[in-house]
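Step one of this worksheet: look at the structure below.
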Amino acid sequence: MQTVFEQYEKSKDFLVCVDSDGCAMDTMEIKHRKCFAPEMIKTWGLYEKEDYILNLWYDLNLYTRTRGINRFKGLAETFKIISKEGIEIKDLESIINWVETTNELSNNSLKREIEKTNSEGLKMALAWSLAVNESIENLPQDDEPFEGVKVGLEGISKLADISVVSSANGEALDSEWNRHDLVKYLKALLGQEAGTKQHCIAELKKKGYDANKILMVGDAPGDLQAAQNNGVFFYPILVNKEGFSWDRLLNEAVPKLIKGEFTKEYQEMLIKEFNDTLK
């Protein structure tokens, strides 16, 4: 069976990669507050210091420069911090080791590691991740794209190929983007199963796009890092300024990209503005 990258066909000279949660879809807050964090408390029985751990999770995943990191990286970072506070996490070393060494932070990769190691810590991490997915599926289907997303995607799709590049679960992505009739603007819908964001951009680059004709659109430092590691441009969707950000993307940033006017100075201005919005 062909991989998603083998199936991919370039149709325009320019490529715009777009993150999903917290960037195009207004789903990030509710997923962390209703799914990721509560299921972590439940799986590991962390009720004694629940408020402290919940606030730490929200800071790490939503409001600081680790915003938007992969769920398993967020879990490992949270556990590293609370373990220093004397809160014991069973078989933490196995979780940290897998997160730091795997080339695919996904449930399937985790299952393969459990088959090899039979690690109790990894079994709990998988149980948590599966519970999170089920919890997300059971959320009320009242999520919405941010203001300006549909208009933005429609306009950009006339000028550039668009691919979603996300670390979210693929089934959730497929459900959300189809539910809002946005898939028609895309060349590809790439979730965590396709690999890291850095890997996905690198694979898409191989389809014949020049680096200076690729733009990664995201709301988190991981999106910036993935862009920089591939030598492509980055455009930020600013937290609590999403409507403004999408309007500027369509009417200023993408036109600059197309005209070859996305300068080093313009990029530096965007990155400074982005960094200033996160603690």
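The values are calculated or read from the model by the stated rules, or taken from the named source; none is laboratory data. Treat the numbers as computed from the prediction; the structure is a model and nothing was measured. Note that we place each Cβ from the backbone using ideal geometry, even for glycine, and neighbour counts take in every protein chain shown. Note: accessible area is taken over every heavy atom of the protein model, side chains too, but ligands, DNA and RNA are not part of it. Shrake-Rupley method; radii C 1.70, N 1.55, O 1.52, S 1.80 Å.
At-a-glance table
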{"quantity": "Filtered residue count, region 98-117, keeping only those that are part of a helix (DSSP H, G or I), under 17 Å from residue 196 (Cα atoms) and either open to solvent by 20 Å² or more (accessible area, probe 1.4 Å) or at pLDDT 95 or above (or both)", "calculated": "6"}
{"quantity": "When residues of region 223-263 are limited to those that are within 14 Å of residue 22 (Cβ to Cβ) and polar (S, T, N, Q), the one modelled with the highest pLDDT", "calculated": "245"}
{"quantity": "Qualifying residue in region 123-132 (condition: under 21 Å from the mean Cα position of the chain (by Cα), hydroxyl-bearing (Ser, Thr, Tyr) and either at pLDDT 95 or above or crowded, with 17+ Cβ neighbours inside 10 Å (or both))", "calculated": "yes"}
{"quantity": "Inter-residue pairs, beta-carbon under 6 Å, first closer than 12 Å to residue 23 by Cα and in region 137-165, second acidic (Asp, Glu) and open to solvent by less than 80 Å² (accessible area, probe 1.4 Å), 6+ apart", "calculated": "146/242"}
{"quantity": "Region 84-101, residues that are in contact with a Leu (Cβ under 8 Å, 6 or more places away or on another chain) and closer than 24 Å to residue 116 by Cβ", "calculated": "91, 94, 95, 98, 99"}
{"quantity": "Filtered residues of region 182-204 (kept if assigned to a helix (DSSP H, G or I), within 21 Å of residue 227 (Cβ to Cβ) and of a type in the set (A, V, I, L, M, F, W, C))", "calculated": "194, 200, 201, 202, 204"}
{"quantity": "Of the criteria (1) in contact (Cβ under 8 Å) with a residue 24 or more places away in the chain; (2) outside any helix (DSSP H, G or I), which one residue 271 fails", "calculated": "(2)"}
{"quantity": "Count of region 133-145 residues which are farther than 22 Å from residue 73 by Cα and buried (at least 21 other Cβ atoms within 10 Å of the Cβ)", "calculated": "1"}
{"quantity": "Some residue of region 173-181 being of a type outside the set (Phe, Trp, Tyr), assigned to a helix (DSSP H, G or I) and crowded, with 21+ Cβ neighbours inside 10 Å", "calculated": "yes"}
{"quantity": "Pairs with Cβ under 9 Å, 6+ apart, first in region 52-68 and closer than 16 Å to residue 35 by Cα, second basic (Lys, Arg) and assigned to a helix (DSSP H, G or I)", "calculated": "54/33; 58/33; 61/71; 62/33"}
{"quantity": "Filtered residues of region 2-44 (kept if of a type in the set (A, V, I, L, M), open to solvent by 30 Å² or more (accessible area, probe 1.4 Å) and either at pLDDT 95 or above or within 30 Å of residue 213 (Cα to Cα) (or both))", "calculated": "4"}
{"quantity": "Selected residue (only one of 253, 226 is at negative phi, in contact (Cβ under 8 Å) with a residue 40 or more places away in the chain and not in a loop (DSSP other than H, G, I, E, B))", "calculated": "226"}
{"quantity": "Filter pass, residue 266 being without any contact (Cβ under 8 Å) to a residue 60 or more places away in the chain, assigned to a helix (DSSP H, G or I) and open to solvent by less than 70 Å² (accessible area, probe 1.4 Å)", "calculated": "yes"}
{"quantity": "Considering residues of region 235-250 that are part of a helix (DSSP H, G or I) and aromatic (Phe, Trp, Tyr) only, the residue nearest to residue 153 (Cα to Cα)", "calculated": "246"}
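Yes or no, residue by residue, for (1) hydroxyl-bearing (Ser, Thr, Tyr); (2) open to solvent by less than 20 Å² (accessible area, probe 1.4 Å); (3) modelled with pLDDT of 95 or more; (4) over 20 Å from residue 173 (Cα atoms):
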site	(1), (2), (3), (4)
47	yes, no, yes, yes
54	no, no, yes, yes
72	no, yes, yes, no
76	no, yes, yes, yes
96	no, no, yes, yes
